[in-house]
C-alpha cells in the first residue's frame, strides 16, 4: 500500500497526474484498504470468553444496608472441572446419574466430554442472564 | 499458569481493615511436608477407588492452575471482603 502511495506521489512530481487526480487516487487506495481490513475482521472468529461473571446487587437492606456480590471465575476452571468428572469412578457416576434422573434432570455425566465443553464455551459468549426484581438485581454473563 | 499471589482484603466498618498478600509458592514450600502426606493419602484413596493417581494429580494440577484470575468480592453494608487470585 505504501508503495502505491509513493508511485502516485512520484507521478505528481513528474507532472504525469494533477494534484486533484492524485488526491482521488489516494482516497481510492484508502477505501480499498478499509474494505480489505473490514473483510479481514469479519473473517476473524469472535473472541472466546475468558471469564464468567456473576453480579448480585440488592438495594437497601433494613438491617445492614445494601449488599453487593461480584464474582469472576475463569472459564478455564470449567474445563478443568469437566476433566475432573473423568476421574469419578463408574459406580459413583452411575449413582449420580440415577439421582439426577430421579430429580428430573436426565443428564448422563459419563457422556460429558471435553469437546462438548468447548462447544458450550463458544456459545457462552452470547449468553447474558439478567434478573431484575424490585430489591435485587442479578446478572450472569461472560467476558 | 498457577496463581502466584492471593490477595485478601477484609474491611469490617470503621477503621478495621485487614489486607493480606499471600505469595503462593513460598507458602507451598513451607507446607511441603504436609502436602507430601496429603499426596500419599490421596494416592492411596485413588488406588482404593481404582482411579489412576497420575491422572488424578494432573486433573488436580489443571484445576489449581486454572484458578488464576478468580476474583470474589462481597460487600454487605459496611463490611467488604475481597479474595483475588493472580
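Values in this text are rule-based calculations from the coordinates and carry no lab data. What you see is a predicted model; the values in this text were computed from it and never measured. So basically every Cβ, Gly included, is an ideal-geometry build from the backbone, and we count neighbours across all protein chains shown.
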Modelled FRET efficiency - R0 22 Å, residue A:143 with residue A:109, Cβ distances, 0.05 increments:
0.20
Mind grabbing the base-10 log of I(q)/I(0) for chain B at q = 0.21, 0.22 Å⁻¹? Debye formula, identical points on the C-alpha positions, no solvent, two decimal places.
-1.01, -1.04
Going by Cα centres, region A:50-124 and region B:56-86 are how many Å apart?
15
For chain B, what's the relative contact order in percent, using C-alpha pairs closer than 8 Å and at least 6 residues apart?
44
Starting from the coordinates of the alpha-carbon atoms of region A:51-129, obtain the Kirkwood hydrodynamic radius over all distinct pairs and give the value in Å to one decimal.
15.4
If R0 = 25 Å, then residue B:19 and residue A:70, at their Cβ-Cβ distance, give a FRET efficiency to the nearest 0.05 of 0.90
Under the rule of -39500 (n - 2.57) per DSSP H run of 4 or more residues, summed and divided by the residues of chain A, what mean residue ellipticity at 222 nm is obtained, to the nearest 500 deg cm²/dmol?
-16500 deg cm²/dmol
Obtain the nm distance between the two label points defined at residue A:53 and residue A:118 by a simple spin-label model: each point lies 7 Å from its Cα along the Cα-to-C-beta direction.
2.7
Quick calc of log₁₀ I(q)/I(0), region A:2-43, Debye, one scatterer on every Cα, no solvent, q values 0.25, 0.32 1/Å, result -0.78, -1.03
Give the residues of region B:1-40 whose amide nitrogen is closer than 17 Å to a point set 7 Å from the Cα of residue B:76 in the direction of its Cβ.
B:9-14
Restricting to Cα pairs under 8 Å and 6 or more apart, the percent relative contact order of region B:39-86 works out to 23
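When the Kirkwood hydrodynamic radius is evaluated over all pairs of different C-alpha atoms of the protein assembly as shown, what value in angstrom, to one decimal, is obtained?
23.4
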Obtain the nm distance between the two label points defined at residue A:13 and residue B:47 by a simple spin-label model: each point lies 7 Å from its Cα along the Cα-to-C-beta direction.
8.1
Return a whole-number percent for the relative contact order of chain A, with Cα pairs under 8 Å and 6 or more residues apart as the contact set.
26
